[in-house]
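Written out below as structure tokens is the structure these notes cover.
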Amino acid sequence: MAGALLAGGSAQAADQLLSMPIDKALATPGAKERVDPSIRLLFGFNKLPGAQDGQSFKTVKRMRRPIDNSRSTGGPPPPADDELCATLFVQAVQELQQRATKEGGSAVVDIRSNWKDDETASDSTYVCAKGSAYLGVALKGVVVKAGI
């Protein structure tokens, strides 16, 4: 039993962390539909000059890979990992923006990847974790009210 517990722990540690471009994810049709242009987004350690200190929030999205039935059904192949990562990223950004709206904020700043509490800050890339049965994106950001 102890061996099974150790094996399970090492399987979790085996996530492959993919560095994905933020601008490409935000240029997808899904992003154009979901991301609110009235709530500013600043990635990495970027701050909004004149903004009041805000509250930090974390959002996690995970998605299991779709089963590839294309061979048996003649249907299209499942989306590629980069497409699924972009979708998860957009969903996480949308959730941060919804939190900003709920809290009366006008921006989310200092947005960082936060996979399994391992923070990575970048203004050009985010982390998408690839496990044996899922892809996942976790973001952390600070909701602020922009100054006058």
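We did not get these values from a lab; they are worked out from the coordinates using the rules stated. Nothing here was measured: the structure is a model prediction, and the numbers come from that model. Positions of Cβ are backbone-derived with ideal geometry, glycine not excepted, and every protein chain shown enters the neighbour counts.
Packing here is the average count of other Cβ atoms within 10 Å per residue, and on that basis the peptides 92-104, 121-133, highest first, run 92-104, 121-133. Shown here: region 15-145, whose C-alpha atoms stretch 57, 29, 22 Å along the first, second and third principal axes, sorted largest to smallest. Taking every C-alpha pair closer than 8 Å and separated by at least 6 residues, the mean separation divided by the residue count of region 15-145 gives a relative contact order of 43 percent.
Applying the Karplus relation 6.51 cos²θ - 1.76 cosθ + 1.60 with θ = phi - 60° to region 79-95 yields 3J(HN,Hα) values of x, 6, 3, 5, 5, 5, 4, 4, 4, 5, 4, 4, 4, 5, 4, 4, 5 Hz, where x marks Gly and Pro.
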